[in-house]
Amino acid sequence: MIPTQFNPAEVESKWYKYWMDKGFFHSEPDEREPYTIVIPPPNVTGVLHMGHMLNNTIQDILIRRARMTGKNACWVPGTDHASIATEAKVVNKLKSEGIDKYDLSREDFLGHAWDWTEKHGGIILEQLKRLGASCDWDRTCFTMDEERSESVIKVFCDLYEQGLIYRGVRMVNWDPSAKTAVSDEEVIHKEEQSKLYYLNYQIEGEEGYVTIATTRPETILGDTAVCVNPNDERFTHLKGKRVIVPLVNRSIPIIQDEYVDMEFGTGCLKITPAHDIHDYEIGMKYNLEVIDIFNDDGTINEKAGLFVGEDRFETRKSILPELEKAGNLVKIEDYTNKVGYSERTDVVIEPKLSAQWFLKMEHLAAEALANVENDEVEFHPKKFKNVYRHWMENIKDWCISRQLWWGHRIPVYYLPDGSFVVAASDEEALAKAQEKDSALTAEDLRQDEDVLDTWASSWLWPMSVFGGVTDPNNEEINYYYPTNDLVTGHDIIFFWVARMIMAGYQTREEKPFKNVYFTGMVRDKQRRKMSKSLGNSPDPLDLIAKYGADGVRTGMLFCSPAGGDLLFDESLPEQGRNFTSKIWNAFRLVQGWEVADIAQPESAKVAIKWLEQRIAKSQTIINDHFDKFRISDALMEIYTLMRDEFSSWYLESIKPGYQQPIDKVTYEATLELFEKLLKVLHPFMPFITEEIYQLLKERAEDDSIMVAQQPEIIAIDEDFLRLFEEAKDVTAAIRNIRQDKNIAFKEALSLQVIGDATKINQSCYTIISKLANIEQVDFVKEADTSAASFLVKTTEYAIPLGDMINVEEELAKMEEELKYQEGFLKSVMGKLSNERFVNNAPEKVVAIERQKQADAESKIASLKEAIEKLKR
């Protein structure tokens with residue numbers, strides 16, 4: 001018994017287990033063409049959100065389609081250790097238990113971190129299974145597992161030996177919450193309404209003052225100079241003089257440099273080398289003292305002399321009354337500026353001088369840029385090449401060290417004399433150290449405390465998942481690499497995509513992937529980013545429970561152009577669920593027919609030929625959409641084919657009469673066509689297609705739709721398809737006449753074809769007769785006077801109505817319509833008679849108005865003729 005309603009929950013668990021048990025997701029190198037995707041590894045402690053749903057739905061569609069086109073499809077899953085995010089969660093968990101991170105040894109803390117990861121890690125991968133993701137789960141990787149860790153350490157050592165990694169004291173972006181440096185790409189700049197504080201600095205030995213303007217009055221405690229532009233005549237008298245820093249009474253020099261913008265603020269710039277990148281560069285240029293007044297957590301330290309222990313923002317408040325009391329505060333103005341925030345912790349970034357490890361990027365970026373510019377690596381959509389180019393042409397060296405414990409520990413070992421060696425293991429480090437001093441022991445070496453930036457592991461992902469870094473000539477890397485397609489959000493084009501391209505060319509002299517498909521952001525109807533705080537981000541698993549995985553998958557793609565934002569509304573998965581019901585009901589209808597060994601109607605033969613052709617045409621269109629990464633358009637093509645062409649036109653064309661059987665030939669052909677449609681649809685909707693595929697007929701144990709091949713595309717007869725479309729238009733017009741004249745479908749009508757009888761293929765009239773209940777088709781020179789006529793393309797048709805209509809009522813209707821059309825034509829002619837409109841409007845707009853004129857004139861002529869006939 002086939003259930004009345006499709007039950008997604010029961011079907012999804014059943015078929016996913018079947019696919020897993022049969023090993024259909026697994027791939028091994030063989031003689032077939034490989035098709036490879038590596039998953040953008042989500043944070044190990046993350047849970048499924050709407051962005052994951054969209055991204056992984058697209059990946060699964062691509063991988064399932066590749067399997068069904070004869071390729072050896074391999075989709076590698078995995079998770080990212082996410083240094084900052086994971087360490088923050090572990091620290092907070094420990095804090096809730098009354099344990100401070102720094103009360104633990106590094107080893108003890110890492111034990112807690114691994115426990116946390118093992119408990120929470122992998123949850124998101126299990127959730128992806130609910131979506132139907134057909135990953136090769138046997139290949140699941142983690143950026144801190146043994147193979148990936150060895151790869152990261154090896155690449156660090158190699159890059160160091162090549163002179164591309166160095167240690168230096170630089171101004172970095174400091175995250176006071178995570179207590180670590182972050183890269184430029186991990187800083188989000190937000191526009192804020194701030195304040196501009198005007199402060200007086202007394203000129204040393206004089207009564208006069210210079211006035212500076214700053215948004216950060218707390219940093220005056222670290223000022224070591226005031227700078228003016230040498231071309232600014234207002235300040236020529238200050239050359240060689242000094243000023244006194246308010247509150248701390250430090251004497252600092254007045255220096256001159258053209259860096260100062262004479263139009264900004266007062267034209268006098270306070271210089272705080274420890275807390276501003278531009279001030280730091282000026283400080284280096286003029287050999288200024290550097291006074292770092294902040295602790296790593298953003299509180300004030302002893303070097304400031306005042307407000308010690310206060311948070312930096314508290315000091316911004318508490319310093320103002322002190323400045324006012326001392327007579328240094330001149331005024332405060334509202335000011336709009338951009339403030340950098342940590343992408344991970346959402347706290348304000350503090351520029352900070354710090355000894356860090358850096359990777360030289362200029363050479364790496366040049367090669368990675370060239371190979372995107374020449375489409376060796378193709379971006380979809382192309383517009384992201386411009387974004388990529390701008391970043392690559394303005395790239396800075398990558399700060400790759402992080403002041404954390406969770407992550408890949410930097411493989412640098414310090415000797416007692418301050419020198420260091422770089423080595424992949426403790427044993428190798430000792431051997432290298434003993435080359436410098438044979439008396440050294442393992443206890444004499446101290447490994448660097450920092451870990452590498454998380455992205456310094458995931459940039460190797462397309463290679464490391466196949467062991468291609470540690471064993472660069474193994475069978476798998478040579479077979480699966482370079483991968484085919486990467487599907488990712490455009491928000492990590494710099495964090496991840498660009499760096500993977502760099503790593504691929506640097507490590508293997510080969511691109512990591514051929515295509516990058518950038519998804520848009522999932523937003524709500526108001527174009528707001530989805531977030532828990534706004535309450536506008538539904539739980540994906542709740543959506544799957546409510547609408548089914550197939551419904552959610554299709555719903556996510558109904559309005560998701562490549563690179564464009566998806567404006568999510570719950571009506572989208574609801575539409576997907578309704579489509580699922582439509583398919584199920586079509587299946588139930590077909591399965592419910594009684595089959596008999598009787599003659600096949602001509603209309604059924606024509607309908608079968610048409611649907612075969614129509615499927616082939618859709619396959620051609622879908623293939624083109626996939627080639628251009630128009631995944632949503634591909635879905636809409638099969639959606640329309642299944643919903644409108646198959647479930648409506650085709651099934652109506654072959655449907656047997658009430659309580660009548662269907663002929664065996666048509667029935668079996670319908671099952672074959674249904675199976676073809678299911679195969680085309682399967683990558684988008686895997687569960688319902690597998691369920692119906694298995695119910696259509698008896699299958700062998702290993703006969704699954706997901707490993708079946710896509711239908712072969714037959715030759716397409718475009719003329720036949722065009723004529724069938726005209727037959728559909730004729731049918732629709734006759735149905736409209738029935739509705740307009742209140743003529744029941746059970747009453748058979750006659751159809752008159754006026755003029756050329758060859759306009760529609762004769763066989764197509766059998767479809768019209770079937771779908772519009774036409775008992776007779778006549779080819780005539782002129783329509784009956786009582787007939788309702790209509791045009792399809794250039795052919796005129798008529799339905800003789802005889803006594804089926806009330807002539808007076810019909811005349812009244814037509815005269816009312818004639819009046820409307822004449823009024824419409826008058827308004828159109830008003831536009832077209834306006835020379836300014838015709839001469840200045842876009843050509844396309846004028847052409848539309850001329851078409852309106854022609855259509856209205858044709859309708860008016862037809863109405864007048866019909867009225868005249870009725871009056872005879």
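Details
- Under the Karplus curve 6.51 cos²θ - 1.76 cosθ + 1.60, θ = phi - 60°, whole-Hz ³J(HN,Hα) for the range 256-269, x wherever Gly or Pro sits: 10, 7, 6, 4, 5, 7, 5, 8, 8, x, 9, x, 10, 10
- For the chain, DSSP calls about 70 percent of its internal beta bridges antiparallel.
- Centre-to-centre separation between the Cα atoms of the range 178-230 and those of the range 248-274: 9 Å.
- The label point for Ser177 and the one for Asn840, both projected 7 Å from the Cα toward the Cβ, are 5.5 nm apart.
- Length added when fully stretched, Asn287-Glu672, from 0.36 nm per residue minus Cα-Cα: 130.3 nm
- Evaluated over the range 189-257, the Cα radius of gyration and Dmax, each in Å: 13.1, 42
- Relative contact order for the chain, counting Cα pairs under 8 Å that sit 6 or more residues apart, in percent: 12
- Each Cα pair under 8 Å and six or more residues apart adds its separation to the average, and for the range 724-801 the resulting relative contact order is 38 percent.
- The range 354-426-the range 763-793 distance, computed between alpha-carbon centres (Å): 73
- Cross-link partners of Lys383 among lysines (Cα-Cα below 16 Å; sequence separation of 8 or more within a chain): Lys628
- Estimated FRET transfer efficiency when R0 is 22 angstrom, pair Asp21-Ala545 (beta carbons, to 0.05): 0.40
- For the peptides 837-848, 579-590, 330-341, the ranking by mean Cβ contacts within 10 Å, running from highest to lowest, is 579-590, 330-341, 837-848.
- Taken per residue, the accessible surface of the chain reaches 45 Å², heavy atoms only and a 1.4 Å probe.
- Of every Cα-Cα pair in the range 527-658, the percent that sits beyond 26 Å: 38
- Here the relative contact order of the range 202-283, from alpha carbon pairs under 8 Å that lie six or more residues apart, stands at 36 percent.
- Degrees separating the helix 384-393 axis from the principal Cα axis of the chain, which is the longest one: 20
- Options (1) 33.3; (2) 28.9; (3) 29.7 - which one matches Kirkwood radius over Cα pairs in Å as calculated here: (1)
- Taking a point 7 Å from the Cα of Arg735 along the Cα-to-Cβ direction, the residues of the range 649-684 with backbone N closer than 15 Å to it are 649-655.
- Ranked by the mean number of other Cβ atoms within 10 Å of their residues, highest first, the peptides 318-329, 491-502 come out as 491-502, 318-329.
- Highest-first arrangement of 95-105, 413-423, where packing means the average Cβ count within 10 Å: 413-423, 95-105
- Database remark: amide H of Val792 closer than 5 angstrom to the amide H of Tyr797 (H placed geometrically; neighbours at sequence offset of 5 or more, or on other chains; Pro and chain starts carry no H).
- Inter-part distance where the range 571-638 and the range 114-135 are each reduced to a Cα centre, Å: 35
- Estimated FRET transfer efficiency when R0 is 41 angstrom, pair Glu258-Lys325 (beta carbons, to 0.05): 0.70
- Principal-axis tilt of helix 631-640 within the chain, Cα atoms, nearest 10 degrees: 20
- Dipole orientation for the chain: of the candidates Pro472, Thr554, Gly327, Thr554 has the Cα lying most toward the positive pole (charges on Cβ; Lys, Arg +1; Asp, Glu -1).
- Two-site label geometry, Asn478 and Leu196: point separation in nm, points 7 Å out along Cα→Cβ: 6.6
- Amide N of the range 622-659 lying under 15 Å from the label point, which is placed 7 angstrom from the Cα of Glu602 along Cα→Cβ: none
- Amide H contacts under 5 Å for Glu310: Ile300, restricted to partners 5 or more places along the chain or on a different chain, H placed in the peptide plane at 1.01 Å from N.
- Calculated on C-alpha atoms, the gyration radius of the range 1-63 divided by its Kirkwood radius gives an Rg/Rh of 1.05.
- Amide hydrogen proximity for Leu353: with H placed 1.01 Å from N in the peptide plane, the residues at 5 or more positions away or on another chain lying under 5 Å are Val172.
- For the range 72-191, the alpha carbon convex hull comes to 218 Å³ per residue, rounded to a whole number.
- Full extension of the chain between Asn742 and Asn301 yields a length gain of 149.9 nm, computed as 0.36 nm times the residue separation minus the alpha carbon distance.
- Here the ratio of the Cα radius of gyration of the range 111-178 to 2.2 N^0.38 Å is 1.63.
- Which of Ala304, Val44, Trp593, positive extreme of dipole for the chain (C-beta unit charges): Trp593
- Were the residues from Asp803 through Arg850 laid out at 0.36 nm apart, the gain over their Cα-Cα distance would be 13.1 nm.
- Working note: Cα gyration tensor of the range 708-858, eigenvalues times five, square-rooted, sorted largest first, giving semi-axes of 33, 27, 13 Å.
- Phi-derived couplings, Karplus 6.51 cos²θ - 1.76 cosθ + 1.60 at θ = phi - 60°, listed residue by residue for the range 685-702: 10, x, 7, 5, 5, 5, 4, 5, 4, 6, 8, 4, 6, 5, 10, 5, 4, 9 Hz, with x used for Gly and Pro.
- Across the range 716-727, computed HN-Hα scalar couplings (Karplus, 6.51 cos²θ - 1.76 cosθ + 1.60, θ = phi - 60°) run 9, 9, 4, 5, 5, 4, 5, 5, 5, 4, 5, 4 Hz from first to last residue, x flagging Gly and Pro.
- Ranking Phe579, Pro686, Met20 by Cα position along the charge dipole of the chain, where only Lys, Arg, Asp and Glu carry charges on their C-beta atoms, puts Phe579 farthest toward the positive end.
- Note on the chain: helix-only mean residue ellipticity at 222 nm, from DSSP H runs of 4+ residues weighted -39500 (n - 2.57) and normalised by residue number, equals -13500 deg cm²/dmol.
- Normalising the Debye intensity of the range 311-369 to I(0), with uniform scatterers on Cα atoms only, and taking log10 at q = 0.21, 0.30 Å⁻¹ returns -1.08, -1.15.
- Taking the Cα centre of the chain as origin and assigning +1 to Lys and Arg Cβ atoms and -1 to Asp and Glu Cβ atoms, the resulting dipole is close to 2460 debye.
- In degrees, nearest ten, helix 146-161 long axis to first principal axis of the chain (Cα): 60
- Straight-distance candidates among the aspartates and glutamates for linking to Lys746, with alpha-carbon spacing under 12 Å and chain neighbours fewer than 8 residues away dropped: Glu775.
- Label separation (Lys869 vs Leu721): 3.4 nm, computed from points 7 Å beyond Cα along the C-beta direction.
The values are calculated or read from the model by the stated rules, or taken from the named source; none is laboratory data. Computed from a predicted model, the values in this text were never measured in an experiment. Cβ: placed from backbone, ideal geometry, glycine included. Neighbour counts: every protein chain shown. To get the accessible areas, we keep the full protein, side chains included, count just its heavy atoms, and leave off ligands, DNA and RNA. Shrake-Rupley method; radii C 1.70, N 1.55, O 1.52, S 1.80 Å.
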